[in-house]
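The values are calculated or read from the model by the stated rules, or taken from the named source; none is laboratory data. Remember, predicted model here, so these are calculated numbers, not experimental data. Here the Cβ positions follow ideal geometry from the backbone for every residue, glycine too, while neighbour counts run over all protein chains shown. What goes into the accessible areas is simple: the full protein's heavy atoms, side chains included, and nothing from ligands, DNA or RNA. Shrake-Rupley method; radii C 1.70, N 1.55, O 1.52, S 1.80 Å.
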Amino acid sequence: MKDLTRGPIPRHLVEMSIPIAVGLLLQTLYYLVDLYFVARLGEAAIAGVSAAGNLWFIVLALTQVLGVSTVALMSHAAGRKDRGEANHVFNQAITLAGVCAGVTLVGGFGFAGWYMDTLGANAATREAGLSFLYAFIPGLALQYPLVVTGSALRATGIVKPGMVVQAVTVLINAALAPVLIGGWGTGVSLGPAGAGWASTIAVALGNAMILVYFAKLEKYVAFDRGHLSPRLATWKRMLVIGIPAGGEFVLMAVYVGLIYWIIRPFGAAAQAGFGLGSRLMQSIFLPAMAVAFAAAPIAGQNYGAKLGERVRATFTASVTGCVAIMLALTLLIQVIGRALIAVFTQDPAVIDYAFGFLSMISWNFAAVGLVFCCSSMFQALGNTWPSLISVGTRLATFAIPALWISMRPGFEIEQIWLLSVVTVWLQAMLSFLLVRQQLGRRLAFTA
């Protein structure tokens, strides 16, 4: 366990955010590697896999319930130097991970067909999305234990083991993708299904590696049969913190799904461009996300130790870093955005749609960075309801005008991207005000 209640806050942020950024980058490479080879199969395959990949937001919602609550409660316990409580929370999170994995398998296989029928622009898109989903759903289920173990380590200030595991799994996925998707060396191409199987196999091996780490090397917390049996009181504490954080991702999935539905009349090329642009956008967000992710356990440990000024200092330092990074990324997209997209596809229509999306949406990157930092601060304080209010407000201010615009004569896809930029800035301002309110209330012990 690393004590984050001592030493300079900026140094802690840098030391933790660098390995977190590497880990996030490696995790994102799963999708970029798959996308690179899937893009060679045509626009229907890109659109299908991208639309199917939106289910990832649903799984992210459930992993957030576990991950955020684990980081919050364990970092508070670590700040109080209560190792027994930290170990108890860890084992209860593992049990909940098993429950979520079962729900994902049943729900995923049960509703995959309906999901692709709703979002697919045509039959080819639906078929590609389904073949990918059926292979990828087991991998989605295996995300839960991986997230819980990684969150437990992050709460105690340890991030390098997770980075190493992700590095190995990305290499496995990168090696399997051309073989399973394109049939390299075997002559048997599984198409989009190969992308799903490559990720599933890699995630399964990642779980095996992290289990070995906890069994052999981890000293602060460990698997304990006495704490694995469900404790409803602990589950309630975790869910009160985790459900609002998970709700954020559910609303994000609704937001993305709504866009796919609205732009269906523009065809598979538009959906493929939006999907490709979205994935690239998520990838370049990684440095800012790493800073925000590092801020949560740092502020959490200091909140548990009742060091209010260090909590405030963590928020200030993380916002400064995130916004500066996002401004640089905005400039990057404006200068070389089209060249980045061309790495993945040579289809002129897909490139035009993807660059049209990225070039306009990049003007809200700084606002997104502020939202990231605010969300992490809510997690650190153990109250994630303001984050849910913030995201819900954004969805409400976007969805109704977007549906109205899409039904008017002369509707253009650029109008949706402009509306998105405006609503994200509104969300950022609301999040900042809510953080200031929560800091005033929850750090009252400083006085």
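Within the range 318-344, residues that are of a type in the set (Lys, Arg) reach partners that are open to solvent by less than 40 Å² (accessible area, probe 1.4 Å) with beta carbons closer than 7 Å, at six or more positions or on different chains, in the pairs Arg338/Ile351.
Gly157 meets each of the listed conditions (1) open to solvent by less than 40 Å² (accessible area, probe 1.4 Å); (2) in a helix (DSSP H, G or I); (3) over 22 Å from Val240 (Cβ atoms) apart from (2). Filtering Ser17, Ser50 for residues that are out of contact with any His (no Cβ under 6 Å at 6 or more places or on another chain) and at pLDDT 75 or above leaves a single hit, Ser17.
Taking each residue of the range 386-405 that is under 14 Å from Gln427 (Cα atoms) and looking for partners that are crowded, with 21+ Cβ neighbours inside 10 Å and among the acidic types (Asp, Glu) with beta-carbon atoms closer than 7 Å, six or more apart or interchain, yields Ser387/Glu248; Leu388/Glu248; Val391/Glu248.
Of the residues Val371, Val350, only one is modelled with pLDDT under 90 and not acidic (Asp, Glu); which?
Just a single option satisfies the conditions, and that option is Val350.
Taken together, the residues in the range 167-184 that are touching a helix residue (DSSP H, G or I) at 6+ places or on another chain (Cβ under 6 Å) and open to solvent by 50 Å² or more (accessible area, probe 1.4 Å) amount to 1.
Conditions (1) within 25 Å of Phe132 (Cα to Cα); (2) assigned to a helix (DSSP H, G or I); (3) open to solvent by less than 60 Å² (accessible area, probe 1.4 Å), marked per residue:
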| site | (1), (2), (3) |
| --- | --- |
| Gly194 | yes, yes, yes |
| Ala202 | yes, yes, yes |
| Leu205 | yes, yes, no |
| Ile210 | no, yes, yes |
| Ala222 | no, no, yes |
| His227 | no, yes, yes |
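For residues in the range 66-95 being of a type in the set (A, V, I, L, M, F, W, C) and closer than 19 Å to Gly139 by Cβ, which is farthest from the chain's Cα centre (by Cα)? Here the residue is Ile94.
Quick check on this structure: which one of Leu60, Leu66 is in contact (Cβ under 8 Å) with a residue 40 or more places away in the chain, closer than 22 Å to Gly226 by Cα, assigned to a helix (DSSP H, G or I) and of a type in the set (A, V, I, L, M)? Steps first, please.
On the way: Leu60 fails: closer than 22 Å to Gly226 by Cα.
Answer to the selection: Leu66.
Candidates in the range 104-118 are the residues that are more than 15 Å from Gly139 (Cβ to Cβ) and among the aliphatic types (A, V, I, L, M); of these, the one that is least open to solvent (accessible area, probe 1.4 Å) is Met116. Looking at the structure I just gave you, is Tyr144 surrounded by fewer than 24 Cβ atoms within 10 Å (Cβ to Cβ) and among the hydroxyl-bearing types (Ser, Thr, Tyr)? Against the criterion (surrounded by fewer than 24 Cβ atoms within 10 Å (Cβ to Cβ) and among the hydroxyl-bearing types (Ser, Thr, Tyr)), Tyr144 does not qualify.
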